[in-house]
1. List the pairs whose first member sits in region 62-89 and is closer than 22 Å to residue 39 by Cα and outside the structural domain of residue 40 (by TED's automatic domain parsing), whose second member is surrounded by fewer than 23 Cβ atoms within 10 Å (Cβ to Cβ) and not polar (S, T, N, Q), and whose Cβ atoms are under 7 Å apart, counting only residues at least 6 apart or on separate chains?
2. From the list 65, 61, pick out the single residue that is over 25 Å from the mean Cα position of the chain (by Cα) and surrounded by fewer than 23 Cβ atoms within 10 Å (Cβ to Cβ).
3. So, residue 170, is that one under 20 Å from residue 226 (Cβ atoms), part of a loop (DSSP other than H, G, I, E, B) and out of contact with any Gly (no Cβ under 8 Å at 6 or more places or on another chain) or not?
4. Specify which of the listed residues (188, 201) is in contact (Cβ under 8 Å) with a residue 60 or more places away in the chain and assigned by TED's automatic domain parsing to the domain that holds residue 269.
5. Look at residue 152 and say whether it is in contact with a strand residue (DSSP E or B) (Cβ under 9 Å, 6 or more places away or on another chain), closer than 19 Å to residue 326 by Cα and among the aliphatic types (A, V, I, L, M).
6. Considering only region 44-103, how many residues are of a type in the set (Phe, Trp, Tyr) and farther than 23 Å from residue 304 by Cα?
7. Are any residues in region 204-229 among the acidic types (Asp, Glu) and touching a residue at least 40 places away in the same chain (Cβ under 8 Å), and if so, which ones?
8. Pick from 128, 114: which is at pLDDT below 95 and under 22 Å from the mean Cα position of the chain (by Cα)?
Amino acid sequence: MRIIIDAMGGDDAPAAVVDGCVAAVRDMDVDLILVGREAAVRQELKRCGYHGDRIEVVNAEEVIEGEDDPMTAIRQKKDSSMRVALSLLRHGQGDAVVSAGNTGALIAGATLMIKRIRGVRRVALAPIMPTTSGCFLMVDAGANAECTPAFLKQFAIMGSIYMEKIMGCKNPRVKLVNIGTEEEKGTPLVVETHKLLKKTPVRYEGYIEARDIPVGGADVVVCDGFTGNVILKFMEGMGMAFYDMLKGIFLKNLFSKLAAGIVRGGLKSLKKTMDYTEYGGAPILGAAKPMVKAHGSSNGKAFYHAILQAKKLVENHLIEIITDNIQKYGVDTRECEEADE
């Protein structure tokens, strides 16, 4: 298996990227292609003491920056690490791609270069987020600010498959984000999507309010990308704020420091649960080939887990399974067309 890595994507690239890649080839049965400024990448490989033959370096001198316009950048920066990585994937030079670069550009590249699975209307960003009882999949978390009921129906199908096949969640509970749980509440988009999902072959359990998401109210949370991105960023911020507040309480005086020592193991476990690096990245569901979007501030550990995640996508034939299910249950059905009118 060969996984293609955008070596220049992310805040700490290429150092953090190379750290994760070197650890990955030591632990996993994968070969990697690092795409980026060759001199810089090889310098980082030397720093890590790697001299093996399982990491190939492909030169790409341009970088798509975070402030670049996504569509313009992916079209015009033809020698960028992201575009070259996607081109390699498109032409079968690897089995999956991982990037921590500009999210919008990666989504645009998925649509323009990799294409969508036949029948899929929009690709979706689907990160795993922690809860008090485990984790859940958010779909969509920012790829599509505006959606139709048909889009959300497909997101539910793809998200359910991902949680079952990749995360090992048997018969995952799917819920739709709303401002209440009553049948009549919500925007026209939410109400019409609710009707569609009732007839969709997933374990749909109705609406979920935002307050119930962090306590494990669903395994797959479905919403438009605008709503999903707001929830995602809020949960990330609250996680950091909560841990900082807890740290401040335990460091307040001698007695609190002693108490911290007693619950040290629990605090470490809590920190690990809330640590995004443990979850790798967000798969781009609906793309015709396996793609993982790593967090922009990913360190080596996060890249390691993102590579592991990409490996699982390939090993578990996620694209083929989604293709079969979209063809059976999620493509151009009459109810989708009626809901979109």
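1. none
2. Values: 65 fails: over 25 Å from the mean Cα position of the chain (by Cα).
Only one candidate qualifies: 61.
3. Values: under 20 Å from residue 226 (Cβ atoms): no; part of a loop (DSSP other than H, G, I, E, B): yes; out of contact with any Gly (no Cβ under 8 Å at 6 or more places or on another chain): yes.
No: the conditions fail for residue 170.
4. Values: 188 fails: in contact (Cβ under 8 Å) with a residue 60 or more places away in the chain.
Going through 188, 201 in turn, the sole match is 201.
5. Values: in contact with a strand residue (DSSP E or B) (Cβ under 9 Å, 6 or more places away or on another chain): yes; closer than 19 Å to residue 326 by Cα: yes; among the aliphatic types (A, V, I, L, M): yes.
Taking the combined requirement at face value, the residue satisfies it.
6. Start the filter on region 44-103 by keeping residues that are of a type in the set (Phe, Trp, Tyr), which leaves 50.
Then drop every residue that is not farther than 23 Å from residue 304 by Cα, which leaves none.
The qualifying residues number 0.
7. Taking region 204-229 as the starting set, the residues that turn out to be among the acidic types (Asp, Glu) are 205, 209, 212, 219, 224.
219, 224, listed by residue number.
8. Working: 114 fails: at pLDDT below 95.
Matching residue, one of 128, 114: 128.
The values are calculated or read from the model by the stated rules, or taken from the named source; none is laboratory data. Remember, predicted model here, so these are calculated numbers, not experimental data. Backbone-built Cβ (ideal geometry, glycine too); neighbour counts: all protein chains shown.
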